[in-house]
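This report concerns only the one structure given below.
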Amino acid sequence: MWRITPSRWAGHGWGKQLPHRTDEALSFPVSQGDGGKKVTVGVGPTRVSTAQRVVSLWYFVVVVGSFGMLAVIPVAHAAIRLRRGMLWLFVLGYGGVAVGMTFLLERAAVEGESAAMLSFAWLFGTILFVTVACVHLALLRKKILYPPQTAWVESGMHCGLFSIDIAGFGQVGRSSEIFVRVRKMLFGLLAEAFEASGIAWDACLKRDTGDGMIVVVPPHFPKFRLVYPLVSRLTAELAEYNVVTEPGLRIRVRVAIHAGEIALDEYGVTGRPKVLLARLLDSRVLRDALAAAPDESPVVVLVSDRFHEDVQDQGGPGLDTMSYRQVLVHEKETEVRAWLHVPEPVLKGLP
């Protein structure tokens, strides 16, 4: 089973192979029903009806009504619903405790002088057992009733594509410590900008490129947010950071934005849209624009002609198409029109 982990932006690829049904923080399970070409991501809690919440209380009725002796039944049910093998160890554990409590009760019935002590031990053990079982089942019930809603990315889906690259990242004289600090700052600001723009950072597929990152946004999020407010917020945050930091740690970036139908394989995301995104980001037009921009401008953006036509020209809150100018990009085998934008730095936080 393949999982693509967003935490892999600190590594060298889109994903890695993990044992079937294993759980990993911030991981995206790849569907087995689509040949491994579908990635599911969580974006928020679901809503549960009152009837569902009431019916699910049978867990506690069984445990309390049987004095814990039948606790294995709701725990086994939760293990099946959640599909977690680890829970079957709890089933065995609860079963063993129930057998032990039954044995203790039988001993209390046949013992003479120690019957009262054994009965007290059974009562105290039963109360403790029922309490622990109910707390555990409450947690399992919550996971069953409130699974995360899912957004997904699969081959053929029309996704937003965002790529960023740090200018002059490998310049002579920069130590590994500076590399680490600059990357950490940029990726942190980028994550905050995505979240503040209404795009769930954990729901995006990300790949570290060494001096930048490629971000694939599921189609469930409006694509215009990649332009506004994301670019504006990122520009403002980088401008403020560059004012207060030392020159060797200042960050200026090139950004390319596109959208298109992606393809997934065992190595991650591929397809023509991703290739075009790479050509836009590495284009001489974009590099020259950053070199010509004032030092106070930390970001230059190149938007594909298709994205400009399909998203920006449709209008939307805060979209300013007049500040974009058309340019010709000729990079390797690619010759396309695109739209260049140099955001004005804003040194105070956006509302």
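The values are calculated or read from the model by the stated rules, or taken from the named source; none is laboratory data. Not measured: the values here are computed from a predicted model. No Cβ is skipped: glycine too gets one built from the backbone with ideal geometry, and neighbour counts run over all protein chains shown.
Things to note:
- Candidates are the residues of the range 157-213 that are out of contact with any helix residue (DSSP H, G or I) (no Cβ under 8 Å at 6 or more places or on another chain) and of a type in the set (Val, Ile, Thr); the one that is nearest to Ala278 (Cα to Cα) is Thr209.
- Residue match in the range 175-184 (condition: closer than 30 Å to Asp320 by Cα, assigned to a helix (DSSP H, G or I), touching a Cys at 6+ places or on another chain (Cβ under 8 Å) and modelled with pLDDT of 90 or more): no
- Filtered residue count, the range 240-255, keeping only those that are farther than 16 Å from Phe169 by Cβ and touching a Ser or Thr at 6+ places or on another chain (Cβ under 8 Å): 0
- Selection from the range 291-313 of residues that are surrounded by fewer than 20 Cβ atoms within 10 Å (Cβ to Cβ), touching a residue at least 40 places away in the same chain (Cβ under 8 Å) and in a helix (DSSP H, G or I): Arg306, Asp310
- All conditions in (1) in contact (Cβ under 8 Å) with a residue 24 or more places away in the chain; (2) part of a helix (DSSP H, G or I); (3) closer than 28 Å to Gly156 by Cα hold for His258, with the sole exception of (2).
- Boolean, Arg174 is touching a residue at least 60 places away in the same chain (Cβ under 8 Å) and either closer than 30 Å to Ser49 by Cβ or not aliphatic (A, V, I, L, M) (or both): yes
- For the range 226-244, the criterion of being part of a loop (DSSP other than H, G, I, E, B), out of contact with any Leu (no Cβ under 9 Å at 6 or more places or on another chain), in contact (Cβ under 8 Å) with a residue 40 or more places away in the chain and of a type in the set (Phe, Trp, Tyr) is satisfied by no residue at all.
- Flag for Glu195 being in contact (Cβ under 8 Å) with a residue 40 or more places away in the chain and farther than 13 Å from Leu161 by Cα: no
Residues checked against (1) within 23 Å of Pro219 (Cα to Cα); (2) buried (at least 18 other Cβ atoms within 10 Å of the Cβ); (3) not assigned by TED's automatic domain parsing to the domain that holds Gly212:
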site: Cys159; (1), (2), (3): yes, yes, no
site: Phe162; (1), (2), (3): yes, yes, no
site: Gly170; (1), (2), (3): no, no, no
site: Glu177; (1), (2), (3): no, no, no
site: Val180; (1), (2), (3): no, no, no
site: Arg183; (1), (2), (3): no, yes, no
site: Leu190; (1), (2), (3): yes, yes, no
site: Glu195; (1), (2), (3): yes, no, no
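- In the range 82-140, of all residues being in contact (Cβ under 8 Å) with a residue 60 or more places away in the chain and outside any helix (DSSP H, G or I), the one that is surrounded by the fewest Cβ atoms within 10 Å (Cβ to Cβ) corresponds to Arg83.
- Test: residue in the range 195-204 that is among the hydroxyl-bearing types (Ser, Thr, Tyr) and either in contact with a His (Cβ under 7 Å, 6 or more places away or on another chain) or within 23 Å of Thr270 (Cα to Cα) (or both): no
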